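Asks: Structure below; questions to follow.
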Amino acid sequence: MQQYDFDTVILGGGPAGLSAAIYASRGAISTAIVDVSMLGGQPSNYLELENYPGFPIVGGFDLMEKFEEHADKFGVHKFPMQEIEKVDLISNPKTILTKEAEFRAKTVIIATGAQPMKLGVPGEKEFVGRGVSYCAVCDGAFYKDKIVAVVGGGNAAVEEAMYLTKFASKVYVIHRRDELRADKIVQERAFKNEKIEFIWDSVVKEIKGEDLVNTAVLENVKTKEITNLSVNGVFPYIGMVPNVDYISGQLEQNAGGFIVTDETMKTSIDGVYAVGDVRTTPLRQVITASADGAVGAVYAVKYLETLKDIPQTV
């Protein structure tokens, strides 16, 4: 098995991880990114972003490609498609074991992001890929002239509902409250879209079908009335959960599993930083993830400088 030693290893290659890599490498430390998939993270699946400063409208993949090219300029070592088996954040050096290699690092920056929260209802797991999807950009084209439901009331839910109107004949937005949480400008666009219909005060209790999804069973949270909604697809957008496999239990996390940090992105373990969507943060956007990455990397460099002042024992 190949063994690598770096000053810092960044787990995750989305906007937070790539930003951290740029700032760490500029700090003249040996830097590597280890990711379970290709670099770019979730934004690579976004058709368009319109809130990243300097880019009124930019493709998500295009923006992340620019991030990666910037990291390449500073000689960041990249290890995509690594199946992680174990992470030891407590020992020194800290180790990341994958199927292919062992990485040892003086500091670790966790940038593993978050993933869509599951509804946790009967039929959801069974129909993934057969009518249940968590990515409208990935799967929207499969629902041309069909009826779909988006579950949620935040920006992601409403924006993805609008995207789906490019293909679907009708898009229901199912929300457990009687008003949306999405930004006002996003709400206004959705309310004007004739293909979108809102179902308020309701939750999905079950997803049914035969080979493919054909029904979402809804419950009105106020009246407790049960109704069957005929749909060909269900897209849940009800929140995020952190990607903390192999990390949990080693450092402080909140009740939702997100990693607790201070303003320097330092975790409860010396030499370990968490940036982007995986940490406790009031906003999960590309711009905030990128800023987190910069802060975390700068303080990882500062931490490494303090190690040089510690007398070495034999």
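Just so you know, all these numbers are worked out from the coordinates, no wet-lab data involved. Quick caveat, the model's predicted, so the values are computed rather than measured. So basically every Cβ, Gly included, is an ideal-geometry build from the backbone, and we count neighbours across all protein chains shown.
Asks: Please build a GNM for the chain, connecting alpha carbons under 10 Å apart, and tell me which residue among S169, S30, S19 fluctuates the most.
Replies: Per the Cα network of the chain with a 10 Å cutoff, S169 tops the list.
Asks: Considering the alpha-carbon set of region 1-116 alone, what are its Rg and its Dmax in angstrom?
Replies: 14.4, 46
Asks: Can you give the angle from 0 to 90° between the axis of helix 60-73 and the longest principal axis of the chain, with both taken from C-alpha atoms, to the nearest 10?
Replies: So the helix axis and the longest Cα principal axis differ by about 10 degrees.
Asks: Here's another thing I want to ask about it. Taking the Cβ of D35 as the center, what net charge do the other residues with Cβ under 12 Å away carry, scoring Lys and Arg +1 and Asp and Glu -1?
Replies: Details: positive: K78; negative: E68, E83.
Spelling it out: positives minus negatives among the neighbours equals -1.
Asks: Say the dipole of region 156-247 comes from +1 at the beta carbon of Lys and Arg and -1 at that of Asp and Glu; which of F167, I196, V234 then lies farthest toward its positive end?
Replies: Going by the Cα projections, it comes out as I196.
Asks: Here is a follow-up. Quick one: if you stick a label point 7 Å off each Cα along the C-beta vector at I287 and E263, how many nm between them?
Replies: Label-label distance for I287 and E263, simple model: 2.0 nm.
Asks: Assuming R0 = 35 Å, what is the FRET efficiency of K222 and E83, from their Cβ-Cβ distance, to the nearest 0.05?
Replies: Details: r = 46 Å, r/R0 = 1.32.
According to the calculation, E is roughly 0.15.
Asks: Using all C-alpha to C-alpha distances in region 118-236, build P(r) with 10 Å bins and read off the rounded percent in each one.
Replies: Once binned at 10 Å, the Cα pair distances of region 118-236 give 15, 50, 32, 3.
Asks: Let me ask you something else. Could you pull out every one of the lysines with an alpha carbon less than 16 Å from that of K224, ignoring same-chain neighbours closer than 8 positions?
Replies: Partners within reach: K205.
Asks: In debye, nearest 20, what is the charge dipole magnitude of the chain about its Cα centre with +1 on Lys and Arg Cβ and -1 on Asp and Glu Cβ, if you could check? Working shown, then result.
Replies: Values: 32 positive and 42 negative charges, 68 e Å.
Magnitude of the dipole: close to 320 debye.
Asks: Work from the charge dipole of region 62-152 (Cβ charges, +1 for Lys and Arg, -1 for Asp and Glu, about the Cα centre) and give the residue of I90, C138, T107 farthest towards its positive end.
Replies: In region 62-152, that residue is I90.
Asks: Pick from I269, I90, I185 the residue whose mean-square fluctuation is largest in a GNM of the chain, springs joining Cα atoms under 10 Å.
Replies: In the Gaussian network model the winner is I185.
Asks: What's the angle, to the nearest 10 degrees (0 to 90), between helix 286-307's Cα axis and the longest principal axis of the chain?
Replies: The angle comes out near 20 degrees.
Asks: Taking every DSSP beta bridge with both residues inside region 118-236, roughly what % is antiparallel (nearest 5)? Please list the in-between numbers first.
Replies: On the way: 12 of 27 bridges.
The antiparallel proportion sits near 45 percent.
Asks: Counting only helical runs of four or more DSSP H residues, what would the 222 nm mean residue ellipticity of the chain come to if each run contributes -39,500 (n - 2.57) and the total is spread over all its residues? All intermediate terms of the calculation are to be shown ahead of the outcome.
Replies: Details: 6 runs with 71 residues, N = 314.
That calculation yields -7000 deg cm²/dmol at 222 nm.
Asks: So if each residue of separation counts as 0.36 nm, and I subtract the Cα-Cα distance between E179 and W200, what length gain in nm does that give?
Replies: Details: separation 21, 0.36 × 21 = 7.56 nm, distance 0.75 nm.
Extra length from E179 to W200 when fully extended: 6.8 nm.
Asks: With both partners inside the chain, how many of the DSSP beta bridges are antiparallel, as a percent to the nearest 5?
Replies: On the way: 27 of 62 bridges.
Around 45 percent of the beta bridges assigned by DSSP in the chain are antiparallel ones.
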